Amino acid sequence: MKYSPPILMVLASIIMLLSTHSLASKEKEQNSREIAAFVNERPIYTDQLSAKQQIKIAKYKRFNRNQEPSEEIKNMMLKSVLEEHINTELIFQASQKHHVNNLKQKITDKIREQEKHNSDSDKQINKTAIENQIRIDDYLQAHDLVNPQKPEKELKDLYEKNKHQFASKKAKVHVLHIITKDKQDIIDAQKRLLEGKSFSEVSNEYSIDVNTKKDGDLGFIELGYMPKEVDKFISSLKINELSPIIETDQGYHLIKVLNKKPAGTIPTFEQMKSFLAKGYAPKVRAQKIHQLLKQLKEQAQIKILLK
């Protein structure tokens, strides 16, 4: 199932249109504005659409050597913008009917927070906009649209079907590393390690390698990442074996190999779980928004006047 860009832009559009919703009803000149559509008797005006249409036109010209889009394409853009506004209006209206626990207290807390961080004492705090924002945030949270997650069982099924695609293409080695510019420093570091001091402690005291954040741990690296003199020892060392002092153009090195993964190693589900969840979150959100909008449209009265 494919989801159109307007659906994916709804959440961003809601935030952008908050000020419109809080102020539009107070504008006396609305009677003279052209109405593009009604959503449950609430109007959407054509001038609300034109700004977004111009953004789409500018983007089209940027990617088409400054060529002006045809009238047909402009109409398609306008139709797309109108759909975005209708979707936004539907969710906005639904959020205003949504029950929020401790709403008054949340509004008070938000006002205090704004007053605390507001350096301009003359700037008015818009209580209506604050309430709208709280209602929308709570509504989106209630419908699992803020940070939706694919069920773990489905993630496991995806992992099982695709795990061979995650296999490493090259051998990787988990390496601890200490490097110094001074030879006596590396000799002292080696002595401390042989006396039983932790690699992290010794690295923190002697190593100048900024890539290890001073704990000596490079994580899993591919051969070729380190100088060739060091690579030779990485390949030959046994697990947990400390290398002799290695001299390169960069300085003096000590390394220890904690683990080796040959090419073709498939990471476990636990190792891939976070990556899979993050990757599928936009699709999950799009599905949930699509389902919610379908339900809201079935319950709404929408009248489009725009030709």
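To keep it simple, each residue is scored yes or no on (1) over 21 Å from L293 (Cα atoms); (2) at pLDDT 90 or above; (3) touching a Leu at 6+ places or on another chain (Cβ under 9 Å).
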position: K2; (1), (2), (3): no, no, no
position: L17; (1), (2), (3): no, no, no
position: S22; (1), (2), (3): yes, no, no
position: I57; (1), (2), (3): yes, yes, no
position: R62; (1), (2), (3): yes, yes, no
position: L78; (1), (2), (3): no, yes, yes
position: R112; (1), (2), (3): yes, no, no
position: K116; (1), (2), (3): yes, no, no
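For the range 75-97, how many residues meet the condition of being surrounded by 15 or more Cβ atoms within 10 Å (Cβ to Cβ), of a type outside the set (F, W, Y) and under 20 Å from Q299 (Cβ atoms)?
13
Can you pull out the residues in the range 138-165 that are free of Cβ contacts under 8 Å to residues at least 40 places away in the same chain and in contact with a helix residue (DSSP H, G or I) (Cβ under 6 Å, 6 or more places away or on another chain)?
Scanning the range 138-165 gives a single hit, V146.
Any residue at all in the range 54-76 that's touching a helix residue (DSSP H, G or I) at 6+ places or on another chain (Cβ under 7 Å), part of a helix (DSSP H, G or I), closer than 25 Å to Q133 by Cβ and free of Cβ contacts under 8 Å to residues at least 60 places away in the same chain?
Within the range 54-76, not a single residue is touching a helix residue (DSSP H, G or I) at 6+ places or on another chain (Cβ under 7 Å), part of a helix (DSSP H, G or I), closer than 25 Å to Q133 by Cβ and free of Cβ contacts under 8 Å to residues at least 60 places away in the same chain.
Output the residues belonging to the range 267-303 that are among the β-branched types (V, I, T) and within 14 Å of L158 (Cα to Cα).
If the condition is that a residue be among the β-branched types (V, I, T) and within 14 Å of L158 (Cα to Cα), then T268, V284 are the ones that fit.
It is to be established whether one or more residues within the range 251-268 are more than 14 Å from I179 (Cβ to Cβ) and free of Cβ contacts under 8 Å to residues at least 12 places away in the same chain.
Yes, the range 251-268 contains at least one residue that is more than 14 Å from I179 (Cβ to Cβ) and free of Cβ contacts under 8 Å to residues at least 12 places away in the same chain.
Here's a check for you: in the range 209-222, which residue that is surrounded by 15 or more Cβ atoms within 10 Å (Cβ to Cβ), of a type outside the set (D, E, K, R) and outside any strand (DSSP E or B) is modelled with the highest pLDDT?
Once the filter is applied, the top-ranked residue is G216.
If T265 meets every condition in (1) more than 30 Å from I86 (Cβ to Cβ); (2) assigned to a strand (DSSP E or B) apart from one, which number is that one?
Looking at each condition in turn, T265 falls short on (2).
Scan the range 248-274 for residues that are touching a His at 6+ places or on another chain (Cβ under 9 Å) and surrounded by 14 or more Cβ atoms within 10 Å (Cβ to Cβ) and jot them down.
H253, L254, I255, K256, V257, L258, K260, K261, I266
So is I289 touching a helix residue (DSSP H, G or I) at 6+ places or on another chain (Cβ under 6 Å), touching a residue at least 60 places away in the same chain (Cβ under 8 Å) and not in a helix (DSSP H, G or I) or not?
Considered against the rule, which asks whether it is touching a helix residue (DSSP H, G or I) at 6+ places or on another chain (Cβ under 6 Å), touching a residue at least 60 places away in the same chain (Cβ under 8 Å) and not in a helix (DSSP H, G or I), I289 comes out as no.
Within the range 142-163, take every residue that is at pLDDT 90 or above and under 22 Å from Q96 (Cα atoms) and give me the one that is surrounded by the fewest Cβ atoms within 10 Å (Cβ to Cβ).
Only one residue fits best here, namely A142.
Output the residue which, of all residues in the range 93-146 that are part of a loop (DSSP other than H, G, I, E, B) and among the charged types (D, E, K, R), is farthest from the chain's Cα centre (by Cα).
Here the answer is D122.
The values are calculated or read from the model by the stated rules, or taken from the named source; none is laboratory data. In this text, all values refer to a predicted model and were calculated from it rather than measured experimentally. Quick reminder, even Gly has a Cβ in these numbers, built from the backbone with ideal geometry, and neighbours come from all protein chains shown.
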